[in-house]
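Everything on this sheet refers to the single structure shown next.
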Amino acid sequence: MNILVVGGDGYLGWPQSMYLSKQGHDVGIIDNLTRRAWDVEGGTHSLTPIQTLHDRVTLWKKLTGCTIEAYVGDLQDYDFLVDAMTQFRPDAVVHFGEQRSAPYSMIDRKHAVRTQTNNVIGTLNLLYAIKDLCPEAHLVKLGTMGEYGTPNIDIEEGFIEINHNGRKDLLPFPKQPGSFYHLSKVHDSHNIMFACKIWGIRSTDLNQGVVYGLKTDETQLDDGLATRFDYDGVWGTVLNRYCVQAALGRPLTVYGKGGQTRGFLDIRDTLRCIEIAIQSPPAQGEYRVFNQFTEQFSVLDLANLVQQIGNRKGLNVTINHISDPRVEMEQHYYNAKHTKLLDLGLVPHDLSDVLLDSLMDVVVRHRDRVREETLMPQVNWRSTHNPSSYETAESPVAESVKAER
């Protein structure tokens, strides 16, 4: 198949592109390289050194003989998008190409607007391009479990049957997003569902949990194929932050009581879930939703796991509870269904001691690259203006990124 990976230079997009290429598909990448520019803007970076997109695709071809086509440009530039899709003619479009940080979206008005403009308008342009150029293509969209929030009932996969005043209907599950980023994902879901209804395109919306891990069969071929590892207070995931803090001998910073529970999955399972969705497409005009995660943990559960692994490595790991910068319930009910991908053949990897130990080894190897000043939370949900390294920036693009374009 011709598979276009939008956001193919990112943490998940790059391993996904290699994985699908290795399976024999013709893969194209669309990326505007803005994620690299946002690192420049905020003084953050990947703990693991990563190559430019050009160097990545060149090395991939050298090692495997497989070609990945790269189209550098922005989804908000509709003429660029039309040109790229006309050249590539995708059978499936995997959409990772969005600003994906809740803290970034909560810095101030400018960053909230930037997030929603980038995500909602970019996705809307993509929907129009699919309708006009390849209406039979399958859109596989990466959503988030954060669309649902933490309701005091079981979370179904996308839809829930409602009985009201003697009548019943199958309706989209109620959404309670917790940031302007998560709200942008809800807007995406509504736009995609509407586009399927009126234009007859097909789409799978994957409400994904928090992804962990670095190693895939493809990234292990060469250090130059490595994907990024974010650990800071704006882009980093909680597990990554804990691993870095443990490696540095710093206390693990648990937000509030630590009962915040979410779904998690291994990066290898993300790659496989996308493949499964592509291999089993919905009918023309169908909009379907899969909840994409394999296990549930509270943030305190994860801190305890990292503490155990770290102490076995002689790191003397301690845990501190700090004030929660987010507006969220710190203890709550959480039971989300996630059976559809399992029914289609997903065999998940669990967050085992072996995997955590391996992840810690990577962090220890690169701990001299850690920028400690970025570890603590920089963004408070209750503030309308967060003084930080992002305060006066106008999203500059580094010279290396300009050259890549």
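The values are calculated or read from the model by the stated rules, or taken from the named source; none is laboratory data. As the structure is a prediction and not an experimental result, all values here were calculated from the model. Counting neighbours? That spans all protein chains shown, and the Cβs are built from the backbone with ideal geometry, glycine included. Please note that ligands, DNA and RNA were not included when accessible areas were found on the heavy atoms of the full protein model with its side chains. Shrake-Rupley method; radii C 1.70, N 1.55, O 1.52, S 1.80 Å.
Below are the figures for this structure:
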| read-out | value |
| --- | --- |
| Looking only at segment 233-242, and only at residues there that are in contact with a Phe, Trp or Tyr (Cβ under 7 Å, 6 or more places away or on another chain) and either without any contact (Cβ under 8 Å) to a residue 24 or more places away in the chain or open to solvent by 10 Å² or more (accessible area, probe 1.4 Å) (or both), the one that is farthest from Q308 (Cα to Cα) | T237 |
| Index of the failed condition, R371 passing every other in (1) modelled with pLDDT under 95; (2) open to solvent by 70 Å² or more (accessible area, probe 1.4 Å) | (1) |
| Residue within segment 109-125 that is under 17 Å from Q16 (Cβ atoms) and either not in a strand (DSSP E or B) or not aromatic (F, W, Y) (or both) present | no |
| Segment 34-48 - residue that is within 14 Å of Y11 (Cβ to Cβ) and in a loop (DSSP other than H, G, I, E, B) and, of those, most open to solvent (accessible area, probe 1.4 Å) | H45 |
| Residues of segment 188-203 satisfying the condition of being in a helix (DSSP H, G or I) and surrounded by 20 or more Cβ atoms within 10 Å (Cβ to Cβ) | D188, S189, I192, A195, C196 |
| Test for D301: is it closer than 30 Å to Q331 by Cβ, charged (D, E, K, R), open to solvent by 10 Å² or more (accessible area, probe 1.4 Å) and in a helix (DSSP H, G or I) | yes |
| Selected residue (only one of K175, K185, K131, K141 is open to solvent by less than 70 Å² (accessible area, probe 1.4 Å), in a strand (DSSP E or B) and of a type in the set (D, E, K, R)) | K141 |
| Subset of segment 248-265 (residues that are in contact with a helix residue (DSSP H, G or I) (Cβ under 7 Å, 6 or more places away or on another chain), of a type outside the set (S, T, N, Q) and open to solvent by less than 10 Å² (accessible area, probe 1.4 Å)) | L252, V254, G258, G263 |
| Qualifying residue in segment 228-250 (condition: at pLDDT 95 or above, among the small types (G, A, S) and within 20 Å of the chain's Cα centre (by Cα)) | yes |
| Check on L59, in a helix (DSSP H, G or I), over 19 Å from T115 (Cα atoms), in contact with a helix residue (DSSP H, G or I) (Cβ under 7 Å, 6 or more places away or on another chain) and open to solvent by 60 Å² or more (accessible area, probe 1.4 Å) | no |
| Number of positions in segment 212-232 that are assigned to a loop (DSSP other than H, G, I, E, B), out of contact with any strand residue (DSSP E or B) (no Cβ under 9 Å at 6 or more places or on another chain) and either free of Cβ contacts under 8 Å to residues at least 24 places away in the same chain or crowded, with 20+ Cβ neighbours inside 10 Å (or both) | 10 |
| Only listed residue being open to solvent by 50 Å² or more (accessible area, probe 1.4 Å) and of a type in the set (D, E), chosen from D83, D74 | D83 |
| Evaluation of D350 against (1) acidic (D, E); (2) assigned to a helix (DSSP H, G or I); (3) open to solvent by 60 Å² or more (accessible area, probe 1.4 Å) (one fails), failing number | (2) |
| Test result for Q378, surrounded by 15 or more Cβ atoms within 10 Å (Cβ to Cβ) and in contact with a Leu (Cβ under 7 Å, 6 or more places away or on another chain) | no |
| Criterion (polar (S, T, N, Q), crowded, with 18+ Cβ neighbours inside 10 Å and under 28 Å from R382 (Cβ atoms)) met by exactly one of Q307, Q245, Q296 | Q245 |
